[in-house]
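J.: Let me begin by handing over the structure; questions about it come next.
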Amino acid sequence: MHGQAVRTPLTGRTGPYFGGFGGRFIPEALVAALEELDAAYRDALSDPDFMARLDELHRTYVGRPSVITEAPRFARHAGGARILLKREDLNHTGAHKINNAMGQALLTLQMGKTRVIAETGAGQHGVATATAAALLGLDAVVYMGEVDMRRQELNVVRMRLLGAEVIPVTSGSRTLKDAMNEAMRDWVTNVENTHYLIGSAAGPHPFPTMVRAFQQVIGEEARRQVLALAGRLPDVVCACVGGGSNAIGIFHAFLDDPEVELVGLEAGGDGVETGRHAASVSGGALGILHGNRTYVLQDAHGQTMESHSISAGLDYPGVGPQHAWLHDIGRARYRPVDDAAAMEAFALLCRTEGIIPAIESAHALAGAIQEGRRLGPDGIVLVNLSGRGDKDVDTAARYFGLLEEGSGS
Amino acid sequence: MSARATIEQARREGRAALIGYLPVGFPDVATSVAAMRAMVAGGVDVVEVGLPYSDPLMDGPLIQRATEAALAGGVTPADGLTAVREVAAPALVMTYWTLVDRYGVARFAADLAAAGGAGAITPDLIPDEAAAWHAAADDHGLDRVHLVAPTSTPERLTLAARSSRGFLYAASLMGVTGERDVVSTTAKDLVARAKEVTDLPVCVGLGVGTGTQAAEVAAFADGVIVGSAFVRALMDAPDPASGVAAVEAVARELAAGVRKPSGVEA
Ligand SMILES: Cc1ncc(COP(=O)(O)O)c(C=O)c1O
C-alpha cells in the first residue's frame with residue numbers, strides 16, 4: 001500500500017478502496033445500480049458534451065468561479081497571517097453542495113432516471129438537490145431528521161417552495177445518519193427510476209470518488225486564484241469535515257503539493273472528551289457505516305453512537321473514506337473544534353468582515369485562527385467558506401441571546 | 001443436521017423448508033429465545049437469529065421498531081450466540097456486517113461454531129468484500145449465506161452461488177423487510193434464474209407472511225423465509241407468554257403452508 005502511495009500521485013486515486021477504507025457494504029440489490037452509476041459518471045467525466053453542459057451551468061447558474069476574499073480584519077485575530085476565504089457561500093443556494101447536486105442531477109438525466117432522492121442535515125444539500133431537480137425537471141424527495149427539520153426550518157420551507165417533498169425521519173437519533181438510512185431504504189425499493197443523490201463524499205463506491213470529482217472544482221479554482229493573488233501556494237488549507245465533501249473538494253488540487261498542509265476541522269460538540277461530539281477521525285474507531293469502511297463513532301459492540309454538534313451539517317457519526325485514508329497516511333490532519341470555538345469564530349467573521357458564515361464553515365474559521373497564530377504574519381491560510389449562515393440565524397439568535405431586550409450592543 | 005441437510009430432508013418429504021427469523025433481545029433476551037424455541041416447536045426447520053443493529057437500512061418499520069427496542073434493552077452480539085446455543089434446530093446468525101467486523105471476524109466464527117451455530121447470513125456483505133469471512137467460515141465449517149436480488153445479473157448470481165454454502169437467499173423483491181399483501185411475481189423468476197447456476201437450495205425471503213403465501217412460494221422454492229410475521233406476533237401480544245404462544249401459532253400456519261405447495265387453498 002505504501003509503495004503504491006509513493007508511486008501514484010495522490011490525486012490519481014479513484015477507489016473503490018483508499019488504503020483499507022471505502023468499499024461497498026450494501027445489499028446485493030443495489031450492486032447493479034452502483035455499477036451503472038460507476039460507468040455513467042466515468043463516461044460523463046470524459047464526455048466533452050457533458051462537461052461543457054456542467055461548465056455552462058457553473059458559469060451561468062451557480063455563479064462559478066466563486067471569488068476569493070481576503071479577510072484582513074479577521075486576520076488580526078489569527079496571528080496576522082493572511083486569511084483567504086474561498087467563497088462557496090456565494091454560490092446559488094448558498095453552499096458548495098450545489099456543485100455536486102448539479103453534477104449528479106445531470107447524470108440522473110443521462111441514466112434515464114426521472115426521480116432523485118437525497119438525505120440532508122443542514123438542509124443545504126436538500127435545497128441544492130431540490131434546486132437542480134426543479135431546473136432539470138426531475139421529481140425530488142428529501143429525507144430529513146425531525147431534529148434537523150426543527151433547527152433548519154428555513155431550508156425546509158425553501159425545499160418545499162422548490163417543489164421537493166420533504167419527508168421527516170423519526171427513527172434513531174432523528175438526524176443526518178437516520179435520514180441516510182431512510183434514503184437507502186427508498187433507493188433499494190425504487191432504484192429502477194430513482195437516483196440516490198448522496199450529498200457528501202461518503203457512502204458506497206463510487207459515491208466518495210464521484211462526489212469528490214464534482215467538488216474538486218473548488219480547489220482547482222482556489223489554487224489558481226491564490227497563486228495569482230499571493231504569488232505562491234498557501235501554507236495551510238482549512239475546511240470543515242462532516243462527511244467531507246467540501247474538504248475533499250478544496251484539498252484535492254493540493255494533494256500533490258507536499259508543502260501545503262491540509263487541515264480538516266471536525267465538529268467537537270461539547271468537547272471530544274465528553275463523548276458528545278461528531279469528530280469521527282479524532283474520536284471514532286474503524287467500522288462500517290452507510291456502505292463504506294471508515295472511522296465511525298461506535299460503542300464497544302459496533303453500534304453507531306449518536307453524534308452531537310451545534311451544526312446540523314457536521315452532525316454525522318462517520319466520515320468519507322478518503323479522509324480516513326489521508327489521516328492514516330499523514331497527508332492531512334484532522335482536529336476537533338468544539339461548539340464554543342466555532343460560535344466565537346462565527347461571531348468574529350460577522351463583525352470583522354461583514355460575512356455571516358454557515359456554522360459548519362465557522363469550524364473551518366476556528367481552525368484558521370489557530371493555524372494563523374501558529375504561522376504568524378508570513379503565513380497564508382486558505383479557508384473553504386463552504387456556506388452562508390442565513391439558515392443558522394435562529395440557532396445563533398438563541399446561542400447569543402440576540403432576541404432578548406437590550407442585546408446586540 | 002446442517003441447514004442444507006435439513007432443507008434437503010424437507011425436499012425428500014415433498015415440501016419446502018420453513019426458515020424463521022427473530023431478532024434476539026425483543027422484547028427481552030429470554031422471551032426472544034423462548035419465541036425462537038416456540039417457532040421450532042410450531043414447525044420451523046431452520047432459525048435465523050437476528051443481531052439488532054443501530055442502522056438497519058435493509059429493514060422496514062416493524063423490524064426497526066423491534067430491534068430499536070432490543071438495543072434500548074442492552075442486547076449485544078453475545079446474546080445472539082446464547083440464542084444460537086439454546087435453539088434446538090440449525091441456527092444461522094443474520095447480521096449487518098459492521099457488528100462482526102467489530103467483534104473480530106475470526107473470533108466471531110470461532111464463537112459461533114462453539115455455540116453450535118450453522119453459519120451466518122450476511123445481507124450487506126456482498127461476496128466481493130467477503131474474503132476474510134469466507135476464510136474464517138471455512139476454518140470452522142460454517143455456512144455462509146449470500147443474497148441474490150431481482151437486479152442480480154447472471155454473473156452476480158453465479159458469484160453469489162459460488163460464494164455461498166448452506167443455501168442461497170433469494171430476496172424476492174426490491175425493498176426492505178416487511179409483510180406484503182401479495183407475493184412478488186419477481187420471486188419465481190429469480191429462483192428459476194438462480195437454479196440455472198447452482199445446485200444449492202434456493203430459499204425465498206422478503207414479504208412472505210401467511211400460510212397461503214408460504215404455499216405459493218413452496219411451489220417453486222426450496223425454502224420459505226419468514227421474519228416480520230413472527231415479529232408482529234410478538235409485538236402485538238399483551239404479554240410475553242402470549243407473544244411466545246402467538247409465534248408458535250404463526251409457525252404452525254406457515255408449516256402447514258409449506259406442506260401444500262402450489263398455492264391451493266385447503
Ligand atoms: C455549509 C456546509 N458546509 C459543510 C457541510 C458538511 O458537509 P461536507 O463535509 O460534506 O462538506 C454542510 C452540510 O450540510 C454544509 O451545509
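J.: Which whole number gives the average count of other chain Cβ atoms within 10 Å of the Cβ atoms across peptide A:172-179?
T.: What the average comes to for A:172-179 is 2.
J.: Write down the Å³ per residue value for the convex hull defined by the alpha carbon atoms of region B:162-242.
T.: Dividing the Cα hull volume of region B:162-242 by its residue count gives 112 Å³.
J.: Net charge around B:V231, counting only other residues with Cβ within less than 15 Å of its Cβ (Lys, Arg = +1; Asp, Glu = -1)?
T.: That sum, taken over residues with Cβ under 15 Å, equals -4.
J.: For the protein assembly as shown, give the magnitude of the charge dipole about the Cα centre (Cβ charges: +1 Lys/Arg, -1 Asp/Glu; no others), in debye to the nearest 20.
T.: 780
J.: Then there is this: Other chains' Cβ within 10 Å of B:62-71 residues: what's the mean?
T.: Taking all residues of B:62-71 together, the mean is 1.
J.: Can you compute the charge dipole magnitude of chain B about its Cα centre, using +1 on each Lys and Arg Cβ and -1 on each Asp and Glu Cβ, nothing else charged? Give it in debye, rounded to the nearest 20.
T.: Roughly 520 debye, rounded to the nearest 20.
J.: For chain B, just say rounded, prolate or oblate: build the C-alpha gyration tensor, square-root its eigenvalues into a ≥ b ≥ c, call rounded for a/c under 1.5, and beyond that prolate if a/b exceeds b/c, oblate if not.
T.: In terms of gyration-tensor shape, rounded.
J.: Taking a temperature of 10 °C and a viscosity of 1.306 mPa s, what whole-number D in µm²/s does Stokes-Einstein yield for region A:46-100 with Rh from Kirkwood over alpha carbon pairs?
T.: So the translational diffusion coefficient is about 123 µm²/s.
J.: While we're looking at this one, here's another question. With viscosity set to 1.306 mPa s and temperature to 10 °C, compute the Stokes-Einstein D of region A:89-178, Rh being the Kirkwood radius across alpha carbon pairs; µm²/s, no decimals.
T.: 124
J.: Put one equal scatterer on each alpha carbon of region A:224-304, apply the Debye formula with no solvent term, and list log10 I(q)/I(0) at q = 0.13, 0.17, 0.19, 0.25 1/Å to two decimals.
T.: After summing over all Cα pairs, the log10 values are -0.53, -0.77, -0.88, -1.18.
J.: Follow-up question, since we're still on this one. At 7 Å along Cα-to-Cβ for each site, give me the label-to-label distance between A:R59 and B:R180 in nm.
T.: 4.9
J.: Per-residue accessible area for A:D38 at 1.4 Å probe radius, Å² rounded to 10?
T.: Spelled out: A:D38, probe radius 1.4 Å, area about 20 Å².
J.: Ignore the peptide's own chain and count Cβ atoms of other chains within 10 Å of each Cβ in B:142-149; give me the average, rounded.
T.: 2
J.: Okay, next question. Can you find, among A:T304, A:F25, A:L233, the residue sitting farthest towards the positive end of the charge dipole of chain A, where Lys and Arg contribute +1 and Asp and Glu -1 at Cβ?
T.: A:L233
J.: While we're here: Report the normalised scattering of region A:113-241 as log10 I(q)/I(0) at q = 0.16, 0.20 Å⁻¹, calculated by the Debye formula with identical scatterers on the alpha carbons.
T.: Cα-only, vacuum Debye calculation for region A:113-241: -0.82, -1.10.
J.: Probe radius 1.4 Å, ligands and nucleic acids ignored: give me the carbon and sulfur share of the accessible area of the protein assembly as shown as a rounded percent.
T.: Answer for the protein assembly as shown is 52 percent, counting heavy atoms of protein chains only.
J.: According to the square roots a ≥ b ≥ c of the eigenvalues of the Cα gyration tensor, what is the shape class of region A:1-85, taking rounded for a/c under 1.5, prolate for a/b larger than b/c otherwise, and oblate for the remainder?
T.: Taking the square roots of the gyration eigenvalues as a ≥ b ≥ c, region A:1-85 is oblate.
J.: Averaged per residue, what accessible surface does chain A expose to a 1.4 Å probe, in Å²?
T.: Ligands and nucleic acids excluded, the result is 34 Å² per residue.
J.: With +1 on each Lys and Arg Cβ and -1 on each Asp and Glu Cβ, how big is the dipole of region B:98-141 about its Cα centre, in debye rounded to the nearest 20?
T.: That gives a dipole near 180 debye.
J.: Using only alpha-carbon positions, what ratio does the radius of gyration of region A:267-368 give when scaled by 2.2 N^0.38 Å?
T.: Against the compact-globule rule of thumb, the ratio is 1.11.
J.: Work out, in µm²/s and without decimals, the Stokes-Einstein translational diffusion coefficient of region A:209-258 at 25 °C, 0.890 mPa s, Rh from Kirkwood over C-alpha pairs.
T.: The estimated diffusion coefficient comes to 222 µm²/s.
J.: Computed on protein heavy atoms with a 1.4 Å probe, what is the summed buried accessible area for the chain pair A and B, in Å² to the nearest 100?
T.: 2700
J.: Taking the inverse of the average 1/r across all pairs of different Cα atoms in region A:158-309, what Kirkwood radius in Å do you get?
T.: 17.5
J.: Quick one: P(r) of the protein assembly as shown from all Cα-Cα pairs, 10 Å bins, percents rounded to integers, in order of increasing distance.
T.: For the protein assembly as shown, the binned pair fractions read 3, 16, 25, 24, 16, 10, 5, 1, 0 percent.
J.: Right, another one. For region B:77-214, state the average projected area of the convex hull of the C-alpha atoms over all orientations, rounded to one decimal in nm².
T.: That works out to 8.5 nm².
J.: Across region B:1-103, how large is the tail of the calculated P(r) beyond 17 Å, expressed as a percent of all Cα pairs?
T.: 51
J.: Additional query: What net charge is computed for the residues neighbouring A:E192, neighbours being all others with C-beta under 14 Å from the C-beta of A:E192, Lys and Arg scored +1, Asp and Glu -1?
T.: With Lys, Arg at +1 and Asp, Glu at -1, the neighbours total -1.
J.: Just need the relative contact order of region B:179-222 here, percent rounded to a whole number, with Cα pairs under 8 Å and 6+ apart.
T.: Reported relative contact order: 52 percent.
J.: Need the full-extension length gain, A:A397 to A:I167, defined as separation in residues times 0.36 nm minus the C-alpha distance. One decimal, nm.
T.: Extending this stretch completely gives an extra 80.1 nm.
J.: What per residue convex hull volume, in Å³, comes out for region B:26-77 when only alpha-carbon positions are used?
T.: Dividing the Cα hull volume of region B:26-77 by its residues yields 85 Å³.
J.: Tell me, Kirkwood radius of region B:179-221 from alpha-carbon pair distances, in Å?
T.: Its Kirkwood hydrodynamic radius stands at 10.7 Å.
J.: With every protein chain in place, what's the accessible area of A:F346 (1.4 Å probe, Å², nearest 10)?
T.: Accessible area, nearest 10 Å²: 10 Å².
J.: If we count every other residue with Cβ under 11 angstrom of B:S242's Cβ, Lys/Arg +1 and Asp/Glu -1, where does the sum land?
T.: -3
J.: Put one equal scatterer on each alpha carbon of region B:127-196, apply the Debye formula with no solvent term, and list log10 I(q)/I(0) at q = 0.13, 0.25 1/Å to two decimals.
T.: Treating every Cα as an identical point scatterer, log10 I(q)/I(0) equals -0.41, -1.09.
J.: Okay, next question. Would you kindly find the accessible area of A:E344, with a 1.4 Å probe and non-protein molecules such as ligands, DNA and RNA excluded, rounding to the nearest 10 Å²?
T.: Number for this one is 140 Å².
J.: What whole-number volume per residue, in cubic angstrom, does the convex hull of the C-alpha atoms of region B:50-115 give?
T.: In region B:50-115, the Cα hull volume divided by residue count equals 90 Å³.
J.: Top to bottom by accessible area (1.4 Å), largest first, where do A:L90, B:L173 land?
T.: A:L90, B:L173
J.: If you don't mind, there's one more thing I want to ask. Tell me, what is the FRET efficiency for B:E196 and A:D299 to the nearest 0.05, using R0 = 41 angstrom and their Cβ-Cβ distance as r?
T.: It comes to 0.40.
The values are calculated or read from the model by the stated rules, or taken from the named source; none is laboratory data. The shown structure was predicted, so the numbers you read here are calculated from the model rather than taken from an experiment. Cβ atoms come from the backbone with ideal geometry, glycine included; neighbour counts cover every protein chain shown. Protein only, heavy atoms only, side chains kept; ligands, DNA and RNA dropped before computing areas. Shrake-Rupley method; radii C 1.70, N 1.55, O 1.52, S 1.80 Å.
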